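Just below is one structure, and these are the notes that go with it.
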Amino acid sequence: MAAIVLRNHQRPNYHHVTRNLLLRMFSSPSQSPSPSPSSDTTTTPYRLAKSSIRKESADAEKIAEIFLKSSNHPRSYRDRSFFHISVQKLAKLKRFDLVEQILEHQRNTNLLKTEGFWIRIIMLYSEAGMLDQAIRTFDQLEQKSEKSFCALLSACLENRRFDLIHQYFESVPSNTGLSPGIVAHNLVMRAFCAEKSFDSARALLKKMETHKGLKPDVASYNVLLTAYLRNRQEDKFDELYKDFTKKGLEPNLVTYNARITRLVKNKECVRAKKILDEMISKGVKPNVNSFNTIIEGFCKIADFDSAKAIFDKMRSEDDFVSPNSDSYVTLITHLVQEGEFESALDMCKASLEKKWVPPFSSMKGLVNGLVKHSKVNEAKEIVENMKKYLRGSAPDNWAKIEGLLPLQ
């Protein structure tokens, strides 16, 4: 049904559909087999096998051997990360033959083969760029469902085979009697957006409600909202968001972050902060990107007091979200660019306390600025502190820059 000849094992760039999203989409408690009563007796060997695969980086045959010896154990069977790490390493080593060997081996085990098992195999083949095998696995399913159908569409999306998404969206339902639900429609909308066919995506959104009796959810709107934003179609973003609010849907984290980004791009940082306050008041917990977007927005208009206030808000007791390296880098970079060297120095020290080294370009600007303001000792001190955390080729790269700095 879905069989089609593809060029195997060539991993293209793909429109990212996160692994966590797929797991939430396709997983249910009933998909995991019950643990064997004797499973505790082999817990240690299983953990050793997983650890060995994590550590192995070059010997593909060894990775496959360890996996095959351990994969019949109920714990390994239930452990998605065990499968994911093994396939990821083998694919990185270009041993697609071994990826197929270890996954096809699972068909012959005595462990329970649930729908979730087959969906996992489809997803793993997709992650390895082996779309032929993912499609074959779907074709071989005796009972196909909305979940397995979505796994097929996701595999095509991940491998940027948008033509196949549209093909299967038409052919699979007609051949199986399946009625695609909201998740399947959302995946097709993602494909349209990746192709920049925004009108087609918008038409499908409307068709879901008017012709198919489906009620688009917040994820449906988020697909288009984020696509409009990425492609600088702010007017269409605003129009669609108005439609979203009229439907009575509640925005989630993705929706709020899109609105924040929309306002920041228009230099409306104060309004963006109000959106942040709104989402917090409504119980939608922001993530680090929510804060970083506003911090960068304020930095770009040189409002560092407001930027630092947002930075401090991240660490407040009520709205705790830990700053990441980007939070520090954004502030340091813009402070240096605006000649706020003392503030940049304080932020740089705080960043280095977390072992996060700012970009060399920012460090160079900071050192030059400190020296220019007769703070040579402070410049030398921050450089020596930074050098403690350089790894790999970074020390040599920095040495070339440092040789040109006025630190003597």
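Give me the residue from segment 177-227 that is among the acidic types (Asp, Glu) and assigned to a helix (DSSP H, G or I) and, out of that set, farthest from PHE149 (Cα to Cα).
ASP199
Of all residues in segment 370-386, which are in a loop (DSSP other than H, G, I, E, B) and among the polar types (S, T, N, Q)?
SER374
Quick test for you: out of SER290, SER361, SER306, SER351, pick the one residue that is surrounded by fewer than 17 Cβ atoms within 10 Å (Cβ to Cβ) and either at pLDDT below 95 or hydroxyl-bearing (Ser, Thr, Tyr) (or both).
Being surrounded by fewer than 17 Cβ atoms within 10 Å (Cβ to Cβ) and either at pLDDT below 95 or hydroxyl-bearing (Ser, Thr, Tyr) (or both) holds for just one of SER290, SER361, SER306, SER351, which is SER361.
So, of the residues in segment 198-226 that are over 18 Å from THR245 (Cα atoms) and aliphatic (A, V, I, L, M), which turns out to be surrounded by the most Cβ atoms within 10 Å (Cβ to Cβ)?
Once the filter is applied, the top-ranked residue is ALA201.
Take the residues in segment 175-197 that are farther than 14 Å from ARG161 by Cβ and under 19 Å from the mean Cα position of the chain (by Cα), then tell me which one is surrounded by the fewest Cβ atoms within 10 Å (Cβ to Cβ).
Among them, the one singled out is VAL183.
Look through PHE169, PHE192, PHE162, PHE198 and report the one residue that is aromatic (Phe, Trp, Tyr), out of contact with any helix residue (DSSP H, G or I) (no Cβ under 6 Å at 6 or more places or on another chain) and at pLDDT 95 or above.
That would be PHE198, the only listed residue that is aromatic (Phe, Trp, Tyr), out of contact with any helix residue (DSSP H, G or I) (no Cβ under 6 Å at 6 or more places or on another chain) and at pLDDT 95 or above.
Sort out for me the helices (runs of 4 or more DSSP H) sitting completely within segment 82-152 that have 2 or more residues that are of a type in the set (Gly, Ala, Ser).
Because the criterion is at least 2 residues that are of a type in the set (Gly, Ala, Ser), the helices (runs of 4 or more DSSP H) in segment 82-152 that meet it are 115-127.
Would you point out which residue out of PHE67, PHE149 is within 18 Å of TYR168 (Cβ to Cβ) and either surrounded by 16 or more Cβ atoms within 10 Å (Cβ to Cβ) or touching a Leu at 6+ places or on another chain (Cβ under 6 Å) (or both)?
Unique residue meeting the criteria: PHE149.
Does PHE138 satisfy being assigned by TED's automatic domain parsing to the domain that holds ASP97 and either farther than 17 Å from ALA91 by Cβ or touching a Pro at 6+ places or on another chain (Cβ under 8 Å) (or both)?
Taking the combined requirement at face value, the residue satisfies it.
Considering only residues that are part of a helix (DSSP H, G or I) and touching a residue at least 24 places away in the same chain (Cβ under 8 Å), which ones fall in segment 343-360?
The answer is SER343, ALA344, LEU345, CYS348, LYS349, SER351, LEU352, PHE360.
Among the residues of segment 53-70, which ones are in a helix (DSSP H, G or I), over 24 Å from ASN108 (Cβ atoms) and in contact with a helix residue (DSSP H, G or I) (Cβ under 9 Å, 6 or more places away or on another chain)?
ARG54
Which ones in segment 387-406 are part of a loop (DSSP other than H, G, I, E, B) and farther than 28 Å from SER374 by Cβ?
If the condition is that a residue be part of a loop (DSSP other than H, G, I, E, B) and farther than 28 Å from SER374 by Cβ, then ARG391, GLY392, SER393 are the ones that fit.
The values are calculated or read from the model by the stated rules, or taken from the named source; none is laboratory data. Just so it is clear, the model here is predicted, and its values are computed rather than measured. For neighbour counting, all protein chains shown are included, and Cβ atoms are generated from backbone atoms with ideal geometry for every residue, glycine included.
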